[in-house]
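The values are calculated or read from the model by the stated rules, or taken from the named source; none is laboratory data. Keep in mind that this is a model prediction, so the values were computed, not measured. Cβ sites come from the backbone with ideal geometry, for glycine too, and all protein chains shown count toward neighbours.
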């Protein structure tokens, strides 16, 4: 599966370069800014953002959505960065709209695709994330990240559904799947931010895991969590202690149970969508690999059995 996704990713990246070269031809001053803009979003397309390839056999449609998605992720990163990057973000957003207009799709389909492009300002979502940090509740984290990271994946699948001719009443089901998948991707990123690749806590971030821990720990342990979170960025000992607490038997097993419940929901939703067996296998691989990346492995009793991959 990975080899196939890498091939798809390379095709999307080539198409992105072609689309943005048109922008650079019209705006020579952007020749250095646009590559820097893409670097703000990790430099190239993540294979885990290639969800459309798991939902349609129409390769051209999946590539078009992949390119638009790549540009939209870069726009989001640029808006967050501010400064000169915002000017580049506006040009990139224009490039996405021009790609849609040049896609050859019917006018009604083009209007629907343009309507899926993200807003020009990230302030509202950023304010919501600040609320999560204050609220420290799982329900709040789920709602906000479904509207943030989840919205991007939901957008991509909604665009895919429109391009392949799904009936309008079926598009919301595709969007809902993408939004929940985006939540799992955020959980995987949370785990990486907190523990890195060597198993040691690297910063105090990780909205989902911290919100979960705050809910399941007794009051006195919750106070420890808040204090360690506050100190973790600047204190190695606090960072290690935060890691130990989050991987403890008090926290990790229940977190993995929540993750398993989300995976089961995604599997159920996937079963209701009309896609080919081959595409379904790719989509399941993306789900299962993302869930594995988000799973915690306790330093107490083994909790890996909370998740089964079949």
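Residue pairs, Cβ under 6 Å, 6 or more apart or interchain, first in region 161-188 and closer than 17 Å to residue 267 by Cα, second not in a helix (DSSP H, G or I). List them.
No pair meets every condition.
Would you mind stating whether residue 20 is crowded, with 22+ Cβ neighbours inside 10 Å and at pLDDT 75 or above?
Values: crowded, with 22+ Cβ neighbours inside 10 Å: yes; at pLDDT 75 or above: no.
When the stated conditions are applied, residue 20 does not pass them.
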